[in-house]
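Each reported figure results from applying straightforward, stated rules to the coordinates on display, with no laboratory input. Since the model is a prediction, treat every value here as computed from it, not as a measurement.
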Amino acid sequence: MSGGWARSTRKSRLPSNWRSEIRPAAHARNPDHICHICGQPGGDRLDHKQPGDDHSPENLDWAHDATPPHCHRYKSSREGHAAKAANPPPGRKRPPEQHPGLL
Ligand SMILES: [Zn+2]
């Protein structure tokens, strides 16, 4: 269990025509559900490329979520890692010094 979903507030609401129009239209554009993250077919989730309330076709594409290789979950965790990497803990790296015995 990753617990990632537990903290997800999922604030973006899906429009009422999500299932009746938006999802079928996305399927028609991309019948193989080519995953926009890994480029392989079989995505099970219609993903927002830019998180938020932009449900335009340009912002929606398929991704593997519950289906291996779970690209969408990795995408989420990568965003978390990127946030950490942008603010690394200080003082862990010293410039290399020549060993005094070699001087
Ligand atoms: Zn994928």
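Summary of values
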item: ³J(HN,Hα), Karplus 6.51/-1.76/1.60, whole Hz, each residue of the range 22-33, x for Gly, Pro; result: 5, 5, x, 5, 5, 5, 5, 5, 9, x, 8, 6
item: Amide H partners (placed H, <5 Å) of TRP62, local residues excluded; result: HIS36, ASP47
item: Dimensionless Rg ratio for the range 7-72, taking C-alpha atoms and the 2.2 N^0.38 Å reference; result: 1.07
